Amino acid sequence: MTWLTPPKGHVKGGTRLTVYGSGFRPSPHLKVRFAVENEIEEVYGTYVSQSEVHCTTPARSTVHTAQVTVANDGLSFSA
């Protein structure tokens, strides 16, 4: 994963997020994880290409900066 567009979303969720990187694969298990301390949310991603995935951001309880990672298999998330 190299960058996100847009870089911010609403705390209520529902922002269409584009994740750019490399090595993405089409998979029914493709997931995007949003993590802040012990609060982790995962949503399914939509494969666009080896370098692009789309998802919709989840609602969060507070405003914060989340670590965003991607897993082609739904288990092994990128660093």
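Where a number appears in this text, it was derived from the coordinates with a stated rule and is not lab data. Values in this document were obtained by computation on a predicted structure and should not be read as measured data. Ideal geometry is used to build each Cβ from the backbone, glycine not excepted, and the neighbour counts take in all protein chains shown.
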Check your understanding: Does the range 28-43 hold any residues that are surrounded by fewer than 15 Cβ atoms within 10 Å (Cβ to Cβ), in contact (Cβ under 8 Å) with a residue 24 or more places away in the chain and of a type outside the set (Val, Ile, Thr), and which are they?
Key -> HIS29, ALA35
Exercise for review: Give the residue that is farthest from ASN72 (Cα to Cα), with candidates limited to residues of the range 20-58 that are aliphatic (A, V, I, L, M) and over 12 Å from the mean Cα position of the chain (by Cα).
Suggested key: VAL36
**Study point:** Residue in the range 8-27 that is among the aromatic types (Phe, Trp, Tyr), surrounded by 14 or more Cβ atoms within 10 Å (Cβ to Cβ) and part of a loop (DSSP other than H, G, I, E, B) present
**Key:** yes
Exercise for review: Six or more apart or on different chains, Cβ under 6 Å: which pairs go from a residue in the range 59-79 that's free of Cβ contacts under 8 Å to residues at least 60 places away in the same chain to one that's loosely packed, with under 12 Cβ neighbours inside 10 Å and of a type in the set (Lys, Arg)? Could you list them?
Suggested key: ALA59/LYS12; ASN72/ARG25
Exercise for review: Kindly provide the set of residues from the range 28-43 that are among the polar types (S, T, N, Q) and outside any loop (DSSP other than H, G, I, E, B), ordered by number.
Suggested key: none
Check your understanding: Residues of the range 44-62 being assigned to a strand (DSSP E or B) and surrounded by 12 or more Cβ atoms within 10 Å (Cβ to Cβ), which ones?
Key -> TYR44, THR46, TYR47, VAL48, GLU52, VAL53, HIS54, CYS55, THR56
Exercise for review: Being farther than 13 Å from TYR47 by Cβ and of a type outside the set (Gly, Ala, Ser) is the filter; apply it to the range 8-19 and report the residue that is nearest to the chain's Cα centre (by Cα).
Suggested key: LEU17
